[in-house]
């Protein structure tokens, strides 16, 4: 049986298992083990433990639970509410200022937590009811938060970028820097669309009945600025060569917990245990996906599926831009069904060598891949952010949320086009701060 046929059967098996509701990690492991047993028999058990351990025996992986702990601490406090309130107090006189405040708060909170669902939940619980009360369309209010939440996997610190960096053996610090300007670009595109839509529909909304003194605007900033300072400190320590990603994440998590305890009085053991438990659950889930995705990759390599796919793609006599277009379509479809971490671990070992051979920058491609994964977060059937929003406002049906998010998906597609035309959007900052790649 040819490697391409084997690959198609493996992919079909994985999809069927996922459609049954089996967790991603178990579906990857079951598919890999089944095909290895059929091809190599019980001898595969001799390398099973070694493959799983080898995938997790990576010092940089320590940064994942630390960044998750950092995000869990912030999400458990009123940091999101204060961030939203701080921005709103400064922008309430701007037409559509409430909408801008929500999208900007999503961008900043995403940088603080690195989690898209946490961003949707934290900002959406406050922002969506307020926007609906002020007369914004339900589709726009929910779609803006759903899309704004996706920024969590692009704006650093990003778990997705860490996994991509480990899988491709590229600098995590450089990847973090590469996500800054594209993240800011997406925030601007989201705000531009939201304001254009509001203007077109006649929603020239200014909060006439609200008023804040300068003192009220300034008094809330001390609660927000320390958390933003931590993000700056983490990024500076990474690109400045002061600390490894794991060390920077550990320090960031420690200071976030200290700030949450001091500013928001989250000091009771039960509350702290809930924060640690939440971070641990997410960490274990991600580590299981990483370990069993490595087993899946081992199966693909042992059965020469990966090599066959690479040879088939390499034999295609197409322009490199056509090749990039096909790869983007493939990633987009994969993101509809799988979480970002799983897509990265399953595809980048095959795609990155092909992309590099075609003359594309692997750091730049990491940002493009992440943008594709962002679209998947607000696209059925997985579309995690859609379900989070629907849980916050159950009286708004899922179809309304989806239609509200659709224009923001197109903004992300525009972002991919702009990154393709102007790759410096992603590569300029890391090259400027860390020097060109060798």
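The values are calculated or read from the model by the stated rules, or taken from the named source; none is laboratory data. This is a predicted model, so every value here is computed, not measured. A quick note on method: Cβ atoms are made from the backbone with ideal geometry, for glycine too, and the neighbour counts reach across all protein chains shown.
Considering every residue within region 49-68, establish whether at least one is surrounded by 16 or more Cβ atoms within 10 Å (Cβ to Cβ) and under 28 Å from residue 405 (Cα atoms).
Checked against the condition, which is being surrounded by 16 or more Cβ atoms within 10 Å (Cβ to Cβ) and under 28 Å from residue 405 (Cα atoms), region 49-68 yields at least one hit.
Does region 427-437 include one or more residues that are surrounded by 15 or more Cβ atoms within 10 Å (Cβ to Cβ), touching a residue at least 12 places away in the same chain (Cβ under 8 Å), under 19 Å from residue 190 (Cβ atoms) and touching a helix residue (DSSP H, G or I) at 6+ places or on another chain (Cβ under 8 Å)?
No; the residues of region 427-437 include none that is surrounded by 15 or more Cβ atoms within 10 Å (Cβ to Cβ), touching a residue at least 12 places away in the same chain (Cβ under 8 Å), under 19 Å from residue 190 (Cβ atoms) and touching a helix residue (DSSP H, G or I) at 6+ places or on another chain (Cβ under 8 Å).
Provide a single number: the residues in region 129-139 that are closer than 11 Å to residue 98 by Cβ and in a helix (DSSP H, G or I).
Residues that pass the stated criteria total 4.
Criterion first (assigned to a helix (DSSP H, G or I), more than 30 Å from residue 174 (Cβ to Cβ), in contact (Cβ under 8 Å) with a residue 24 or more places away in the chain and out of contact with any strand residue (DSSP E or B) (no Cβ under 6 Å at 6 or more places or on another chain)) does residue 407 satisfy it?
The answer is yes for residue 407.
Scan (1) more than 29 Å from residue 250 (Cα to Cα); (2) modelled with pLDDT of 80 or more for the single condition residue 91 breaks and write down its number.
Condition (2) is where residue 91 drops out.
Taking residue 345 as the residue in question, decide whether it is more than 21 Å from residue 36 (Cβ to Cβ) and buried (at least 17 other Cβ atoms within 10 Å of the Cβ).
Answer is no for this residue.
Tell me, yes or no, whether region 61-81 has at least one residue that is modelled with pLDDT under 80, closer than 30 Å to residue 199 by Cβ and under 22 Å from the mean Cα position of the chain (by Cα).
Looking through region 61-81, at least one residue is modelled with pLDDT under 80, closer than 30 Å to residue 199 by Cβ and under 22 Å from the mean Cα position of the chain (by Cα).
Would you confirm whether any residue within region 281-294 is modelled with pLDDT of 85 or more and more than 30 Å from residue 52 (Cβ to Cβ)?
So far as region 281-294 goes, no, none of its residues is modelled with pLDDT of 85 or more and more than 30 Å from residue 52 (Cβ to Cβ).
Run down 323, 272, 262 and say which single residue is modelled with pLDDT of 80 or more and either within 22 Å of the chain's Cα centre (by Cα) or closer than 26 Å to residue 8 by Cβ (or both).
323
Here are some residues: 81, 86, 122, 147. Which one is touching a residue at least 40 places away in the same chain (Cβ under 8 Å) and closer than 30 Å to residue 171 by Cα?
Values: 81 fails: closer than 30 Å to residue 171 by Cα; 86 fails: closer than 30 Å to residue 171 by Cα; 122 fails: closer than 30 Å to residue 171 by Cα.
Answer to the check: 147.
Just one of (1) under 16 Å from the mean Cα position of the chain (by Cα); (2) modelled with pLDDT of 80 or more; (3) surrounded by fewer than 24 Cβ atoms within 10 Å (Cβ to Cβ) trips up residue 154, so point out which.
(3) is the only condition that residue 154 fails.
Identify the residue in region 388-421 that is closer than 19 Å to residue 367 by Cβ and out of contact with any helix residue (DSSP H, G or I) (no Cβ under 9 Å at 6 or more places or on another chain) and, among all such residues, is surrounded by the most Cβ atoms within 10 Å (Cβ to Cβ).
Top of the filtered list is 417.
Which one is nearest to the chain's Cα centre (by Cα) among residues in region 376-404 that are touching a residue at least 60 places away in the same chain (Cβ under 8 Å), more than 23 Å from residue 341 (Cα to Cα) and assigned to a loop (DSSP other than H, G, I, E, B)?
If we take residues in region 376-404 being touching a residue at least 60 places away in the same chain (Cβ under 8 Å), more than 23 Å from residue 341 (Cα to Cα) and assigned to a loop (DSSP other than H, G, I, E, B), then 393 is nearest to the chain's Cα centre (by Cα).
If I ask for residues that are assigned to a loop (DSSP other than H, G, I, E, B) and at pLDDT 80 or above, which ones from region 204-234 would you list? Give the derivation first.
Taking region 204-234 as the starting set, the residues that turn out to be assigned to a loop (DSSP other than H, G, I, E, B) are 204-213, 220.
Answer for region 204-234, where residues must be assigned to a loop (DSSP other than H, G, I, E, B) and at pLDDT 80 or above: just 220.
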